[in-house]
Amino acid sequence: MATANCSNRTRYEDATIRRALRIMGNRLREPGAALCSPNAARDYLALRLGNREHEVFAAVFLDTQNRVIATEELFRGTLTQTAVYPREVVKRALALNAASVIFAHNHPSGAEEPSQADRWLTDQLKTALAMVDVRTLDHFVIAGTRYASFMERGWLDGPAESTPEPAKPKRPRARKPTKRAAAKK
């Protein structure tokens, strides 16, 4: 990008955004740093992904206390789509020993409304991660300064639909006394 065509205001705003990202990134890298609210996660992800010219799919991996283990851009796509592979997301979550994850991806078009494909993908990721005891806390669609949250819309409540219920422990059945055992008494 040629800086000669940028206004002083644009350069100042860009520098401010870079400083904000650096501050938030440093906070999240501190030992024990936790995402204290959905707004903190959203704001950080919006700053990180909001101005991209291509789609990026990112994940924030968290421990059991919602402390950030890592924030990673897992997949990069084109102007209109990104290929996301649930197997690779599960592998990364296991490698980092994550207890939960927050997903985010951007829409360079500026439309924050999640597509049906976004919803389907989130369900697939949630189901795959639930199989290895990793919770999906939210998925943000970032469009510039606007966003959509799957959690706020109620799309992540409850267990994943296709996750089987855990098997109930079997109780030993009481045996009926046989005629032979009753005769001995």
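The table that follows gives values for the structure above.
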| item | result |
| --- | --- |
| Radius 9 Å from Cβ of ALA143, net charge of other residues (Lys, Arg +1; Asp, Glu -1) | -1 |
| For the stretch 16-159: relative contact order, % (alpha-carbon pairs under 8 angstrom, 6 or more apart) | 23 percent |
| Relative packing of peptides 92-105, 110-123 - highest average C-beta neighbours within 10 Å first | 92-105, 110-123 |
| Ordering of 68-80, 8-20 by burial proxy (mean other Cβ atoms within 10 Å per residue, highest first) | 68-80, 8-20 |
| Contour excess over end-to-end distance, with Cα ends at THR10 and ARG153 and 0.36 nm allotted per residue | 48.1 nm |
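Throughout, read-outs are computed from the coordinates displayed, never taken from laboratory work. Bear in mind that the values here come from a model prediction, so they are computed numbers and not experimental data. Ideal geometry is used to build each Cβ from the backbone, glycine not excepted, and the neighbour counts take in all protein chains shown.
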